[in-house]
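J.: After the structure tokens below, expect a handful of questions from me.
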Amino acid sequence: MNGRPAGDERAVSDVVGFVLVFAMIVSVVGIVSLSGLASLESARDAQQTDNAVRAMEVLSDNMGDIAERGAPSRATEISLEDASLSLANETIVTVRDPNESTSDPSFLVNRTHKIRPIVYDDGDTELVYAMGAIFRDDPQGGTVVQSWSPVFDKERTLIPIVTTVSATDTGQQIQSSTVLVRASANDRLVPVADDTGKYDDVWINVTSPRRDLWLSMLGRDPALTCSRSGSERVSCQLDETPEQLFVTEVRIAVQLKP
């Protein structure tokens, strides 16, 4: 015996080595494939959300055509994939001056507007349109994608209210590949158009389950002093008395169609 392995022993060693190398290759490929697949799915989801954000921005522009530029109606197509689009529960916006005590409806005492936000929901992220603003609410925290645009000026203050309501007078929710959002002007009002400077304590109160996002948005304006005043309520006081105050309301009927 010279101590060298027999031929069949070398063959067994070769087979064992081949199996070990093959198993290692399969393991590496599996790990790379799984991590790569997760990355691809994450990138796909992020892209879908980005596309939805752009679609909601288009929706906001179309609503602006109706509210600000007098268009009678607009339609916006939104791709949903696995998401849904709905008219959510009402957000309540109140513009008031508690110092005024009159029964004259032309005066600003306590004007309440009930708004149905339009909500895109993919299960993780919600994109919310309300009065020209767009909010993004996801597990990592909420952000203001686009702000509401009142004008607060000592000489002239404009508070535009865009009241979105259901065209069918019922709750609407669509889960399909795409949805068409039809929006039509329902009514246009200027409840308060005052030029006497008599409103010296103007408040904007918002009641919404997205209270903190409203607080973040409204609190950025240097003309307002805002605070939480309940579990779902934000109260903001206009810091200066405007010489002219205009509170406008455009009511927009919204219908969701697959």
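Here, each number is a calculation from the coordinates, and none is a lab measurement. Note that this is a predicted model, so its numbers are computed, not measured. Backbone-built Cβ (ideal geometry, glycine too); neighbour counts: all protein chains shown.
J.: Can you compute the modelled spin-label distance between residue 94 and residue 138, with each label point 7 Å from Cα toward Cβ, in nm?
T.: 3.5 nm
J.: With label points built 7 Å along Cα→Cβ from the Cα atoms of residue 175 and residue 231, find their separation and express it in nm.
T.: 2.7 nm
J.: Excluding residue 180 itself, calculate the net charge of residues whose Cβ lies under 12 Å from the Cβ of residue 180, where each Lys or Arg counts +1 and each Asp or Glu counts -1.
T.: That works out to +2.
J.: Cα extents of region 50-185 along the three principal axes, largest first, in whole Å?
T.: Computed over region 50-185, the largest-to-smallest principal extents equal 51, 34, 26 Å.
J.: Kindly write out, for region 154-164 in residue order, the coupling ³J(HN,Hα) from the Karplus curve 6.51 cos²θ - 1.76 cosθ + 1.60 (θ = phi - 60°), rounded to whole Hz, with x marking Gly and Pro.
T.: 4, 7, 8, 10, 10, 10, x, 10, 10, 9, 8
J.: Please compute the modelled spin-label separation between residue 51 and residue 21, points set 7 Å along Cα→Cβ, answer in nm with one decimal.
T.: Each label point lies 7 Å from its Cα, and together they span 4.4 nm.
J.: Taking amide H positions as placed 1.01 Å from N in the peptide plane, with prolines and chain starts having none, which residues 5 or more places from residue 146, or on another chain, fall under 5 Å of its amide H?
T.: 134
J.: Multiplying the sequence separation of residue 110 and residue 244 by 0.36 nm and subtracting their Cα-Cα distance, what value in nm do you get?
T.: Extending this stretch completely gives an extra 46.4 nm.
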